[in-house]
1. Hey, any hits in the stretch 83-96 for a residue that's in a loop (DSSP other than H, G, I, E, B) and either among the charged types (D, E, K, R) or in contact with a strand residue (DSSP E or B) (Cβ under 7 Å, 6 or more places away or on another chain) (or both)?
2. Quick check on my filter: what residues within the stretch 23-59 are touching a residue at least 40 places away in the same chain (Cβ under 8 Å) and under 11 Å from the mean Cα position of the chain (by Cα)?
3. Which of the residues spanning the stretch 1-50 are under 24 Å from residue 99 (Cα atoms), assigned to a loop (DSSP other than H, G, I, E, B) and open to solvent by less than 50 Å² (accessible area, probe 1.4 Å)?
4. Considering every residue within the stretch 89-96, establish whether at least one is of a type in the set (A, V, I, L, M) and either open to solvent by less than 90 Å² (accessible area, probe 1.4 Å) or within 22 Å of the chain's Cα centre (by Cα) (or both).
5. Identify all residues within the stretch 103-152 that are of a type in the set (Phe, Trp, Tyr), assigned to a loop (DSSP other than H, G, I, E, B) and more than 23 Å from residue 43 (Cβ to Cβ); write none if there are none.
6. Quick test for you: out of 63, 122, pick the one residue that is open to solvent by less than 50 Å² (accessible area, probe 1.4 Å), of a type outside the set (D, E, K, R) and over 17 Å from residue 33 (Cα atoms).
7. Somewhere in the stretch 177-185, is a residue out of contact with any Phe, Trp or Tyr (no Cβ under 7 Å at 6 or more places or on another chain), surrounded by 10 or more Cβ atoms within 10 Å (Cβ to Cβ) and modelled with pLDDT of 80 or more?
8. Using the structure shown, decide if residue 89 is in contact with a Lys or Arg (Cβ under 7 Å, 6 or more places away or on another chain) and without any contact (Cβ under 8 Å) to a residue 24 or more places away in the chain.
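The values are calculated or read from the model by the stated rules, or taken from the named source; none is laboratory data. From a predicted model like this one, the values you see are computed outputs, not experimental measurements. Cβ coordinates were reconstructed from backbone atoms using ideal geometry, including for glycine residues, and neighbour counts include every protein chain displayed. Side chains included, ligands, DNA and RNA excluded: accessible areas come from the protein's heavy atoms. Shrake-Rupley method; radii C 1.70, N 1.55, O 1.52, S 1.80 Å.
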Amino acid sequence: KMWPHVWQFAAREEDIPEAGDYVVFENAGRSWLVSRQDDGSVKAMHNVCLHRARKLRLEDGTADRFVCPFHGWRWNMDGKNTLVYGRNLFSERQLDPADIDLVPCRVEEAIGCAFINHDWDAPSYRETIGDFVDRLDAHNVGELRAEWWFGTVLPANWKIAMEAFMEGYHVMATHPQLQQAAPMIF
């Protein structure tokens, strides 16, 4: 219930530098395509064919269109449907662009990242994070680049897993090897 109404980090801008670059962002059983548009903006859409609900892409990459691997329906990078095989098999009502274009979600760019939110009525990302974004901008956080990235599925409550990375009190007992690299004074 929470994820569709909050801003989620979906991509670093450095991961989608050129028009046609896209990343697949997944969270809580949902999947989105976050892509750089021809005009330099970023757009996010559900990563699912609207005909049979097949994922359009499984991995990040570069493309000039998204094609469903099952029936071949096609969408350009902004999510507009460009091809339905056998259009004559469908009524005009079934081919309404509002029903066959990829479903977008909100995207806002800040501090070198693209954030998404499904709730079109939610406050903007900047309103949500408040003055903190100005502090990050003052330190040029948007200019930082990822040196290393690792993702995994943990068989644990996500909040407990995240908290382990946000506090250092456990380091002495859990990661004693780190004390040799940089002794801690308590």
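1. Going residue by residue through the stretch 83-96, those that are in a loop (DSSP other than H, G, I, E, B) are 84-86, 90-91, 96.
In the following step, the residues that additionally are either among the charged types (D, E, K, R) or in contact with a strand residue (DSSP E or B) (Cβ under 7 Å, 6 or more places away or on another chain) (or both) were identified as 96.
Yes, some residue in the stretch 83-96 is in a loop (DSSP other than H, G, I, E, B) and either among the charged types (D, E, K, R) or in contact with a strand residue (DSSP E or B) (Cβ under 7 Å, 6 or more places away or on another chain) (or both).
2. Hits for the stretch 23-59 are 25, 32, 33, 34, 35, 42, 43, 44, 45, 46.
3. Residues satisfying the conditions are 20, 37, 41, 47, 48, 49.
4. Step one: filter the stretch 89-96 for residues of a type in the set (A, V, I, L, M), giving 89, 95.
Those still in the list that are either open to solvent by less than 90 Å² (accessible area, probe 1.4 Å) or within 22 Å of the chain's Cα centre (by Cα) (or both) too: 95.
Checking the stretch 89-96: at least one residue is of a type in the set (A, V, I, L, M) and either open to solvent by less than 90 Å² (accessible area, probe 1.4 Å) or within 22 Å of the chain's Cα centre (by Cα) (or both).
5. Pass one, the stretch 103-152, residues of a type in the set (Phe, Trp, Tyr): 115, 120, 125, 132, 148-150.
Among the residues that remain, those that are also assigned to a loop (DSSP other than H, G, I, E, B) are: 120, 148-150.
Within the stretch 103-152, 148, 150 qualify.
6. Working: 63 fails: over 17 Å from residue 33 (Cα atoms).
When all the criteria are applied, what remains is 122.
7. Here is the first cut: in the stretch 177-185, the ones out of contact with any Phe, Trp or Tyr (no Cβ under 7 Å at 6 or more places or on another chain) are 177-185.
Subsequent filtering for residues that are surrounded by 10 or more Cβ atoms within 10 Å (Cβ to Cβ) retains 178-179.
Among the residues that remain, those that are also modelled with pLDDT of 80 or more are: none.
No, the stretch 177-185 contains no residue that is out of contact with any Phe, Trp or Tyr (no Cβ under 7 Å at 6 or more places or on another chain), surrounded by 10 or more Cβ atoms within 10 Å (Cβ to Cβ) and modelled with pLDDT of 80 or more.
8. Working: in contact with a Lys or Arg (Cβ under 7 Å, 6 or more places away or on another chain): no; without any contact (Cβ under 8 Å) to a residue 24 or more places away in the chain: yes.
No: the conditions fail for residue 89.
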